[in-house]
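Nothing in this text is a laboratory measurement; each read-out follows from the coordinates by a stated rule. Not measured: the values here are computed from a predicted model. Don't worry about glycine lacking a Cβ; one is built from the backbone with ideal geometry, like all the others, and counts go over all protein chains shown.
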Amino acid sequence: MKNYIQSPLPFQGQKRRFLSEFKAALNGFKSAPLFVDLFGGSGLLSHTVKQLYPNATVIYNDFDDYHLRLANIERTNVLLAQFRIILADELPDKVISKEGKAAILKAIQAEEKQTGYIDYITISSSLLFSMNYATTYDDMAKQTMYNCVRKNDYEDARDYLQGVEIVKQDYRELFERYKHIDGVVFLVDPPYLSTDCTTYSSYWRLGNYLDVLTVLKGTSYFYFTSNKSSILEFTDWVERNLGAENPFKGAVKKEVAARMNHNAGYTDIMLYKKN
């Protein structure tokens, strides 16, 4: 089983910057029999846990169907190969001509009609401006395209989730199912508040983010957020002014600087606690 240091396919919010800190922190959870990844995302956290603790049970909540994207890598590579031919005379990293865009969209339509599946998020990374993603044909058609098509094929990644149990259900139902098991550790990486959640399959409001905090009470967990969310400031204020229990009290905090471009950045935050 290959040890991946980032997810095999593009995914908004994957935790590759935190892998070293995450692995170091996992040393304190060697005896845990079960890890439940409530917001599985790209599966990188689940993959990493399974690599370190192959005998542990790892539950990966693939609410965004990332495993389907992995299963269709060969088809995605075929489509990207067509893009390279279509754009052979276009300038790299520049806006694609109207003719080129029309040919790209035609290729996408033909592939979707033939196979019934297009990994729009992955092809977005080769056709749209950095950090922009489309999830449907209509999304793709209305955006300006750039000739930043990946030069090489994506590698086969069928072993990426080897040994991991894949489920798809509401995180609250998953939590209720496993919360009473001794030694369970919850991996909690919800879409970040106040950040772009375009590629996620559901829309998140403030109440949704706050609801997630209930799974931290009395449990062992890893929780991920950023300084843009202000969640930590909020829970600290509630504790000081309203006397409510702070779910992060006693947790270890680690921070990693992240950059979106040359003049914009933020801080990723990981908190973990062993109950």
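Would you please name the trypsin sites (Lys or Arg not before Pro) within the range 93-140 that are DSSP coil residues with at most 12 other C-beta atoms within 10 Å of their C-beta?
LYS94
Sort SER20, SER97 by Cβ crowding within 10 Å, fewest neighbours at the top. Please report the intermediate quantities before stating the final value.
Numbers: SER20 12, SER97 15.
Fewest-to-most ranking of SER20, SER97: SER20, SER97.
Restricting attention to the alpha-carbon atoms of the range 61-107, what are Rg (one decimal) and Dmax (integer), both in Å?
According to the Cα coordinates of the range 61-107, Rg and Dmax are 14.0, 43 Å.
Test of understanding: ordering LEU127, LEU68 by Cβ neighbours within 10 Å, fewest first, what list do you get? Display every interim value, and only then the final one.
On the way: LEU127 25, LEU68 11.
In order of increasing Cβ crowding within 10 Å: LEU68, LEU127.
In Å, the Kirkwood hydrodynamic radius of the chain over pairs of distinct alpha carbons? All intermediate terms of the calculation are to be shown ahead of the outcome.
Details: mean 1/r = 0.0495 Å⁻¹.
So the Kirkwood estimate lands at 20.2 Å.
Can you give the Kirkwood hydrodynamic radius of the range 68-141 from its Cα pairs, in Å with one decimal? Each step should come with its number before you reach the end.
Working: mean 1/r = 0.0795 Å⁻¹.
Over the range 68-141, the inverse of the mean reciprocal pair distance is 12.6 Å.
Using every Cα-Cα pair within the range 1-91, state what percent have a distance larger than 17 Å.
On the way: 2372 of 4095 pairs.
Roughly 58 percent, once rounded to a whole number.
Report the antiparallel proportion of the DSSP beta bridges in the chain as a percent, rounded to a multiple of 5.
Numbers: 16 of 30 bridges.
In the chain, approximately 55 percent of DSSP beta bridges are antiparallel ones.
With +1 on the Cβ of every Lys and Arg and -1 on the Cβ of every Asp and Glu, and nothing else charged, how large is the dipole of the chain about its Cα centre, in debye rounded to the nearest 20?
Numbers: 33 positive and 33 negative charges, 112 e Å.
Here the chain has a charge dipole of around 540 debye.
Cα-Cα over 21 Å: which of LYS50/LYS168; LYS23/LYS228; LYS15/LYS50; LYS30/LYS274; LYS94/LYS142; LYS50/LYS273? Intermediate values should be presented prior to the final figure.
Details: LYS50/LYS168 19 Å; LYS23/LYS228 24 Å; LYS15/LYS50 15 Å; LYS30/LYS274 11 Å; LYS94/LYS142 17 Å; LYS50/LYS273 19 Å.
The pairs that break the limit, which is 21 Å between Cα atoms, are LYS23/LYS228.
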